[in-house]
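Values quoted throughout were computed directly from the atomic coordinates according to the rules given, and no laboratory measurement underlies them. Source: prediction; values computed, not measured. Every residue, glycine as well, gets a Cβ built from its backbone with ideal geometry; the counts of neighbours run over all protein chains shown.
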Amino acid sequence: MHFYDHIPKIQYEGSKSLNPFAFKYYDPKEMIFGKPMKDHLKFSLAYWHTLTGEGIDPFGKATMEREWDTITDPIERAKVRVKVAFELMEKLGMEYFCFHDRDIAPEQETLAETNRVLDEIVAVIEQEMKRTQIKLLWGTANLFANKRFVNGASTSPNADVFAYSAAQVKKALEITHRLNGAGYVFWGGREGYETLLNTDMKLELDNFARFLHMAVDYAKEIGFLGQFYIEPKPKEPTKHQYDFDSATVISFLHQYGLDKDFKLNIETNHATLATHTMNHELRLAADNGFLGSIDANQGDLLLGWDTDQFPTSIVDATLVMYEVLRMGGFTTGGLNFDAKVRRASFTKDDLLIAHIAGMDTYAAGLRIAAKLWKDQVLETNLKQRYRSYTQGIGKDIVENKVGFKELSAYVMNKNTLEPNEPGKQEWLESIINQYMIG
Ligand code: XUL
Ligand code: CO
C-alpha cells in the first residue's frame, strides 16, 4: 500500500532549484570533516506529530486530510500508519525515527490487551525496519495523555499510578530493546505541579528518581544497552515541570546518583520556553558531558507555548550544529524533528515539504557551522579573551594554587589592573552573517 507514488524520492538539486520536492542544501553524501552529511545530522522522524497529529487546537477540531486516517478499524489504521511512516522516511532518505508506545498502537481496555496489540504493531515495524534498514533513534512511553495521569505518572500522589507507569515503561523498554533502539527518552509529561498548596515536592522528586533507578535496573536485566535521556522542559502541561532545563536536570541526576546512566535530549522550543537560547542549553549539557540528542524544532518567540514548528531558521540551526561539532558529533543521538505542520498545512504533501524544509535548514546550518569550526574564528577569539588565565596570576587561579590571601596581596602590590578588553559582540555576530551569506 503506497500513498506517495506521485512524488519520486527526494533528491538534492542545489540551492537554485525551485522544485518543492527537492533538497536545496541537504546533500546526504557530501563529506564534511571526513564524514557524510547524513551521519553528522542523523535526522529522525517523530511518529507522534507526523503520523498521529490531527491539527487540533483548543479552539478547533482536526484539520489534517490523510487517506489512511479514514480507515475505521483502529488496529488496521495503526498498521497502515507504519507503512506510511516508512514510505515517508524512504522518500526523504531519513534513517531514524522515534515513537511513544501509544503513537504506534491504540490503547485497549486493559494493559494486557494494550500490550498484545502493541506487540502486533511492533512486529510490522520490525519487518519494515528490516526491509529499509531504517533505525530506531529512541523509544518512549506516553505517560501524560490518559486521564489516569491527571496528577502525574511517577510523581503522582497515587501509588497505583506510579505502579501503572512502571508497568508501562517496562513494556516500552522491552519493545525499544526488541527494535534495537539506540536510546530511550523520559520526557516528564505531567511530572510537575500546579500549586505547592497541594504538592509534596520532596516526595514527588524522590519518587521520580526511584522510578528512573528502576528503569535503569530493568534495562540491565533485559540487556538493553541503549542510552537513557531526560528531555528538559520548564512548563506545559504543568505550570512547573520538574525537568525544567539542562542545569536543573543535571543537578537532579547528580543528586540522585543517576548521572552515569542518563544524558539529555534537548529540544529547541523547550529551551526558549525556559527563556534560554538553545545553544545555552546545549553548551551547558556538552560542557558537563550530558549532551546526548536533540529534538530539532522551533518555537514562536511571541507565543508562550510549545508550538513545535519545523525548524526553518538557518542562524539557529548553525548555532546548534556548531555545538554538535564542538562536542565531536553525535554518538547515540541525532536530530529528531519533534515538529508538526501548522494546522492549515493539512495536505499529505505538506508532511514531505515540512521535513524537506527542516532537513535543508539543518544541512545549511551544518555547512556554515563546519566552516566556522574549521577556521576556529570563535575559538580563537575565546582563547584571546581568556588568555589572562594562561599565565601569571590567572594560571595560579585555575591551577588552584592561590586563595583570597594571595590574591589580595597580589592586587595590593599591583595597584593598577590590566585593562579590560571590549567583548566584540557585534563583530562576532557580523562574522556569523558573513559565514552564512559567503
Ligand atoms: C513534548 C515533547 C515530547 C517528547 C517525547 O513537549 O517534546 O514529544 O519529545 O515525549
Ligand atoms: Co520533544
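Magnitude of the charge dipole for the chain, about its Cα centre and with charges confined to Cβ atoms of Lys, Arg (+1) and Asp, Glu (-1), is about 1000 debye. Fully extending the segment from GLU65 to SER15 would add 15.0 nm, taking 0.36 nm per residue of separation and subtracting the current Cα-Cα distance. Mind checking which of PRO106, PRO157, PRO58 has the largest fluctuation in a GNM of the chain, springs on alpha carbons under 10 Å? It is PRO58.
Rg and Dmax of region 230-308, both derived from C-alpha coordinates alone, stand at 11.9, 38 Å. Counting only DSSP beta bridges with both residues in the chain, the antiparallel share comes to about 20 percent. Kirkwood-based Rg over Rh for region 158-269 (C-alpha set), two decimals? Reported Rg/Rh, Kirkwood definition of Rh: 0.95. Positive end of the dipole of the chain, charges at C-beta (+1 Lys, Arg; -1 Asp, Glu), about the Cα centre: which of VAL169, GLY53, ASN180 has its Cα farthest in that direction? Among VAL169, GLY53, ASN180, the one farthest towards the positive end of the dipole of the chain is ASN180.
Sorted from longest to shortest, the spans of the Cα atoms of the chain along the three principal axes equal 83, 58, 44 Å. Run the reach check for LYS61 against aspartates and glutamates, Cα to Cα strictly under 17 Å, same-chain hits fewer than 8 apart removed. What comes back? Once the sequence-local aspartates and glutamates are set aside, what remains near LYS61 is ASP69. When the chain is treated as a GNM with alpha-carbon contacts under 10 Å, the residue of ARG190, ARG178, ARG131 showing the greatest mean-square fluctuation is ARG131.
For region 55-105, list log₁₀ I(q)/I(0) at each q in 0.14, 0.22 Å⁻¹, using the Debye formula over Cα point scatterers of equal strength and ignoring solvent, two decimals each. The computed values of log10 I(q)/I(0) come out as -0.46, -0.99. Listed by chain and number, the lysines placed with their C-alpha closer than 18 angstrom to that of LYS233 are LYS263, LYS340; residues fewer than eight positions away on the same chain are left out. Distance between the pseudo-spin-label points of MET327 and ILE431 (7 Å out from Cα toward the beta carbon): 2.3 nm.
Do the sum for the chain: with -39,500 (n - 2.57) for every DSSP H run of n ≥ 4, divided by all residues, what is the mean residue ellipticity at 222 nm, to the nearest 500 deg cm²/dmol?
Values: 15 runs with 199 residues, N = 438.
After summing the helix terms and dividing by the residues of the chain, the value is -14500 deg cm²/dmol.
Run a plain Debye calculation on region 91-229 (Cα atoms as equal point scatterers, no solvent) and give log10 I(q)/I(0) at q = 0.10, 0.13, 0.14 Å⁻¹, rounded to two decimals, same order as the q list. Log10 I(q)/I(0), no solvent term: -0.35, -0.58, -0.66. Here the contact order of region 229-276, divided by its residue count and restricted to Cα pairs under 8 Å and six or more residues apart, works out to 49 percent. Taking region 104-138 and a reference point 7 angstrom along Cα→Cβ of ALA167, the backbone N atoms nearer than 14 Å belong to 108-116. Using a cutoff of 8 angstrom between alpha carbon atoms and counting only pairs six or more residues apart, the relative contact order for the chain works out to 15 percent. Among the lysines, which have Cα under 22 Å from the Cα of LYS16 when same-chain residues fewer than 8 positions away are ignored? Filter leaves LYS24, LYS29, LYS38, LYS91, LYS371. For region 49-81 versus region 317-388, the spacing of their alpha-carbon centroids is 30 Å. Comparing GLY403, GLY139, GLY223 in a Gaussian network model of the chain, where Cα atoms under 10 Å apart are tied by springs, the biggest mean-square fluctuation is seen for GLY403.
How high is the relative contact order of region 50-189, in percent, with contacts defined as C-alpha pairs under 8 Å that are six or more residues apart?
Values: 154 pairs, mean separation 29.5, N = 140.
Relative CO of region 50-189 lands at 21 percent.
Between region 241-289 and region 177-239, how many Å separate their Cα centres? With region 241-289 and region 177-239 each reduced to a Cα centre, they are spaced 13 Å.
Relative to the dominant Cα principal axis of the chain, helix 111-132 is inclined by about 70°.
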